[in-house]
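Participant: Have a look at the structure that comes next, please.
The values are calculated or read from the model by the stated rules, or taken from the named source; none is laboratory data. Since the model is a prediction, treat every value here as computed from it, not as a measurement. Cβ atoms come from the backbone with ideal geometry, glycine included; neighbour counts cover every protein chain shown. We work out accessible area using only protein heavy atoms, side chains counted, and drop any ligands, DNA or RNA first. Shrake-Rupley method; radii C 1.70, N 1.55, O 1.52, S 1.80 Å.
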Amino acid sequence: MEMTTALWSFALVVGLLTLTPGLDTALILRTSALGHRRQAWGVVLGIQTGTLLWGALTSAGVTALLTASQLGYEILRWAGAAYLVWMGVGMLRSRARSEPADDTPADTPADTPAGGLTAGWQRGLLTNLLNPKVGVFYVAVLPQFIPAGAPHFAAGVALTCVHVVEGLLWSTVLVGFARALRGWLRRPAARRAMDRVTGLAVVGFGVRLAVSD
């Protein structure tokens, strides 16, 4: 398999994965819809940083140790589950007390109280890195697309960059869609509902990660 063919084939596989709604989609939509524009892009960049790290580690052969070590996988799995449940519960307990009034101008920055780009990046990065299933996916799938004779690390990173680019493009669509609904979601009742729906989804992902084998 030539490298060009490998890139297109991998792009198709991870493209379908990227379009599948999941935790990343929920976090990006929720953060952006609530008006936290800088934090939303921080979440996007954090998620893609984590993806790039998983791909680089897989290409270097490090994450193969994760699949070989049951204890290592279990520690990372429970740490990720605990983090997701903690984050989801925080969303469920959130209130509209720090939200701007309904007559606040639409261009008023709304992400200052919740943290900016750095806070979003940290959340996105931790969410991605504490999900061992991402690492297992890369260990199981990435090597299948590396052409025979190609430099393993360079080819693996190149394939991972395809995933990152697709993730950035889809995240741009999600942020734009969420911001289109921003006027309605600026209402305190709508924002509380968004927090609770997303919080339940995040807790659900955490519980699913905890009970999955």
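Participant: Do you know which residues across segment 18-67 are open to solvent by 40 Å² or more (accessible area, probe 1.4 Å) and touching an Asp or Glu at 6+ places or on another chain (Cβ under 7 Å)?
Facilitator: Of everything in segment 18-67, those that are open to solvent by 40 Å² or more (accessible area, probe 1.4 Å) and touching an Asp or Glu at 6+ places or on another chain (Cβ under 7 Å) turn out to be Arg37, Arg38.
Participant: Regarding segment 91-112, can at least one residue be identified that is out of contact with any helix residue (DSSP H, G or I) (no Cβ under 7 Å at 6 or more places or on another chain), exposed (fewer than 14 other Cβ atoms within 10 Å of the Cβ) and at pLDDT 75 or above?
Facilitator: Yes, the conditions are met somewhere in segment 91-112.
Participant: While we're looking at this one, here's another question. Gly55 fails exactly one of the following numbered conditions: (1) touching a Gly at 6+ places or on another chain (Cβ under 9 Å); (2) under 23 Å from Phe177 (Cα atoms); (3) of a type in the set (Gly, Ala, Ser). What is the number of that condition?
Facilitator: Going through the list (1) touching a Gly at 6+ places or on another chain (Cβ under 9 Å); (2) under 23 Å from Phe177 (Cα atoms); (3) of a type in the set (Gly, Ala, Ser), Gly55 breaks only (2).
Participant: Going by the conditions given, is Leu130 at pLDDT 80 or above, under 17 Å from the mean Cα position of the chain (by Cα) and open to solvent by 50 Å² or more (accessible area, probe 1.4 Å)?
Facilitator: Working: at pLDDT 80 or above: yes; under 17 Å from the mean Cα position of the chain (by Cα): yes; open to solvent by 50 Å² or more (accessible area, probe 1.4 Å): no.
Considered against the rule, which asks whether it is at pLDDT 80 or above, under 17 Å from the mean Cα position of the chain (by Cα) and open to solvent by 50 Å² or more (accessible area, probe 1.4 Å), Leu130 comes out as no.
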